[in-house]
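*Asks:* The structure's right below; bear with me while I get my questions together.
Readers should treat all values here as calculations from the given coordinates under stated rules, not as data from a laboratory. Computed from a predicted structure; not experimentally measured. Positions of Cβ are generated from backbone atoms using ideal geometry, with glycine treated the same way; all protein chains shown enter the neighbour counts.
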Amino acid sequence: MKVEDEEFEDFVDRVDEVEKTIKALLDGKIDVDSMDKKEQEIKRKQQETEEKKKKKQEEQRKLAKRMERNQERKKWGFAGRWCPRCKKDEYKILEDVYGPDESAWPAEVPSTCFSTQCKDVEPPVLLLSPEERRNELQNKVEELKQERVKKALARDRWNKWKSTQKYKRAGVEWEECYERWDKWLPSDDEEDDLPPAPPPDTPEFRAMEKDIEDRAKAKGERQRKGETWKLKGNEAMQEGELVKAFKLYTKGIQEDKSSRALLTNRALCSLKLNNKKMKIEKLGEEIEVESFTQAIDDCTKVLDICEFLHDNKGPGIKQSQMKAYMRRAEAFCKTNRLQEAIQDMEKALEEIKFLSTSEKQELISLKEKYQEEMKEKERLKEMREAAGLHNNEDVDEQKEKEQEQEQE
């Protein structure tokens, strides 16, 4: 059995001390009291040695634990339990709160986060176990992969649509198509520049996780701002301040340009503006647009977002499609494009999934209304041609005469 040098030297010293004491007793050089004092001194030294040994063992244990934590941090980015709010593990929190000296740390660590950022939060933030945190990281990798597949499919649908005239939507000029994808998604919402998702136990994933979280945070902030502008726009609409509402919705769309609610609300506001010319930024320039044209454009964007970004599936999609088709059809009607209004009602009945009976009836009623208006328009056109009339006033006058004759 090997004995450490320090312990061996201590053992030799004790043997020498015992030999000296025995010899002194035999020679009568020391008395019993002196011997007792000597014995106490020996015990004191033994106790000091034992304490040094325990202290050294404790330091070695702490060093081993620190090395283990460092290895765990190096692999996973955390050690021990993890706070999902302040993004710190329990040992980092202990260091921040109590200092680096582990002897000052409490023996029992609470189950909720006690960092300076989280200690006063209500309800308290529960610390995740290492297994829960690792599962969270694994899930993030899977979510990232699924999100990329979803966006890849969306782009694929978009590119297929661009490659053919078959899917060209009413009211959209072909020359504008190349720019429409960028109208929906801000550049910092794309993840095409990120490398393939690495394993979660790598520094590359931790760097990517932070980047994704930063993007998500920025996106969430844009959405919050967009929602604020939307609510202000709704208030202005309720008060009848249509121009103000239009501008507020526009500010919201500048923050969150893929917001279906903002686009459909601005489309409704544009209809109420009765084709008033409004200023709007397009392709980096401020231009004037007629409000009916803007309503058509906004509704078209909503339908594109539903189709290409969401594959016409998900919460709120049906409601967005209903509003977009109905409001675009109304804008078509107001701009004497009744055939396109009828087509929109037919598309709505064909494309929107899970329509209720009342929703179907509403769309059918609107379709019939536009068909009647179109028949009336064609009848007036035939009257004008038959009578050789050239303007609407002449047609109206002729129509009044017919009504008078019928009454007679």
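*Asks:* Sticking with the crude label model, points 7 Å out along Cα→Cβ, report the distance from residue 378 to residue 157 in nm, one decimal please.
*Replies:* 3.4 nm
*Asks:* Oh, and also: Arranged by the count of other C-beta atoms within 10 angstrom, fewest first, what order do 153, 268, 127 take?
*Replies:* 153, 268, 127
*Asks:* Would you list 383, 237 from fewest to most Cβ contacts within 10 Å?
*Replies:* In order of increasing Cβ crowding within 10 Å: 383, 237.
*Asks:* Something else about it: Counting other C-beta atoms within 10 Å, which of 335, 116 has the fewest, and how do the rest follow? Could the numbers behind the result be given before it?
*Replies:* Details: 335 17, 116 10.
Fewest to most other Cβ atoms nearby, the residues stand as 116, 335.
*Asks:* At R0 = 41 Å, how high is the FRET efficiency between residue 387 and residue 312 if r is their beta carbon distance? Nearest 0.05 is fine.
*Replies:* Working: r = 48 Å, r/R0 = 1.17.
Computed FRET efficiency for residue 387 and residue 312: 0.30.
*Asks:* Let me ask something else. If you average the C-alpha positions of segment 112-163 and of segment 280-315 separately, how far apart do those two centres end up, in angstrom?
*Replies:* Segment 112-163 and segment 280-315 have Cα centres separated by 29 Å.
*Asks:* Still on this model: Roughly speaking, what is the stretch gain from residue 218 to residue 349, that is 0.36 nm per residue apart minus the C-alpha to C-alpha distance, in nm to one decimal? Please list the in-between numbers first.
*Replies:* Details: separation 131, 0.36 × 131 = 47.16 nm, distance 3.74 nm.
Result for the pair: 43.4 nm of gain on full extension.
*Asks:* In the structure displayed, which of 150/217; 119/219; 55/88; 151/347; 55/92; 145/251 lie more than 22 Å apart, Cα to Cα? Each step should come with its number before you reach the end.
*Replies:* Values: 150/217 20 Å; 119/219 28 Å; 55/88 30 Å; 151/347 25 Å; 55/92 24 Å; 145/251 33 Å.
Beyond 22 Å: 119/219; 55/88; 151/347; 55/92; 145/251.
*Asks:* Here is a follow-up. How high is the FRET efficiency from residue 231 to residue 54, r the C-beta distance, R0 51 Å, rounded to 0.05?
*Replies:* Approximately 0.15, to the nearest 0.05.
*Asks:* Hey, with R₀ at 45 Å, roughly what FRET efficiency would residue 362 and residue 210 work out to, going by the Cβ-Cβ distance, to 0.05?
*Replies:* On the way: r = 48 Å, r/R0 = 1.07.
That pair, residue 362 with residue 210, gives E of 0.40.
*Asks:* With Rg and the Kirkwood Rh both taken from Cα atoms, where does Rg over Rh land for segment 217-349?
*Replies:* So for segment 217-349, dividing Rg by the Kirkwood Rh gives 0.96.
*Asks:* Please compute the modelled spin-label separation between residue 289 and residue 141, points set 7 Å along Cα→Cβ, answer in nm with one decimal.
*Replies:* In this crude spin-label approximation the distance works out to 4.5 nm.
*Asks:* Can I ask one more? Over all directions, the average projected area of the alpha-carbon convex hull for segment 294-340 comes to how many nm²?
*Replies:* 3.1 nm²
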